[in-house]
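The numbers here are math on the coordinates, done by the rules we state, and not lab data. This one's a predicted model, so the numbers in the text were calculated from it and none came from an experiment. Cβ placement follows ideal geometry from the backbone for every residue including glycine, while neighbour counts extend to all protein chains displayed.
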Amino acid sequence: MSNELDEALNPEFLEVDPLRESYRETITEPAAMRRSLVEHHTALLTIDLQYLDAAPGYGVFAELASNTLPVEAQEYYFHRLQHQVLPNVRRLQDAFRAKGLEVIHTRIQSMTQDGRDRGPGHKRLGLHAAPGSKEAEFLPEVAPQGDEIIINKTASGVFNATNIEYILRNMHINGLFIVGVYTNECVSTAIRDACDRGFFVTFIEDACATVTPELQQATVSTVRDRYARVLTTDDAISEVTRLVRE
């Protein structure tokens, strides 16, 4: 029955999204989104760029030869990180810092050395970065500077697992530019949760990474014009430079 219905549909309308414009006007591209940036109520949120999940030879990738992730996926992921994502994240951080905007960092880190406080999902996955461990360290290219805020989490969703919303509200931040890893997991969850809580969300598509191009593109397609507006790093920096006074 489904195949018969698909064949009967006009192919010109198979990709039509009847709600796209209403979402753009009210959720992903309202005038208030740019006003948030102009008024210094927007922050850059950098997600989990640490040794645990973003460095070969550590944490998730400690034993590359025996890792269950295919070698091709690892090569794709780390090539994208090194040659595109980390340089773009640093450019965005520098642009936000130059304009006096907040740069906020999340990382996976337990409160305890044995990780007993971790969420059930991270326990099942064996994800653990103890305080003071190499796995908990940020990658030096995009590490926090000065007294930039660091938020530790023990689950995929930073809004579900931490007091980040309380912190953002205290600082009158209602807009977020989101970057980091993995696109289809922690990044996507942060985007959806932030949008549901009323934040204006901008997703920087070339400043995030996951393990396959398919997962990357599927996530971008899913959040675009529903939970976030999607920009490139160049477009985001241009907007920040143009709209924000120091």
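Quick one: A129 ticks every box in (1) small (G, A, S); (2) over 23 Å from A236 (Cα atoms); (3) without any contact (Cβ under 8 Å) to a residue 60 or more places away in the chain bar one, so which box is it?
(3)
Answer yes or no: is there a residue in region 67-82 that is closer than 20 Å to T202 by Cα, surrounded by 17 or more Cβ atoms within 10 Å (Cβ to Cβ) and out of contact with any Asp or Glu (no Cβ under 6 Å at 6 or more places or on another chain).
yes
So which residues in region 91-114 are crowded, with 18+ Cβ neighbours inside 10 Å and over 19 Å from S188 (Cβ atoms)?
Q93, A95, F96, L101, E102, V103, Q109, S110
Conditions first: (1) surrounded by fewer than 19 Cβ atoms within 10 Å (Cβ to Cβ); (2) in contact (Cβ under 8 Å) with a residue 24 or more places away in the chain; (3) in contact with a strand residue (DSSP E or B) (Cβ under 9 Å, 6 or more places away or on another chain). N163 passes all but one, so which condition is the exception?
Of the numbered conditions (1) surrounded by fewer than 19 Cβ atoms within 10 Å (Cβ to Cβ); (2) in contact (Cβ under 8 Å) with a residue 24 or more places away in the chain; (3) in contact with a strand residue (DSSP E or B) (Cβ under 9 Å, 6 or more places away or on another chain), the odd one out for N163 is (2).
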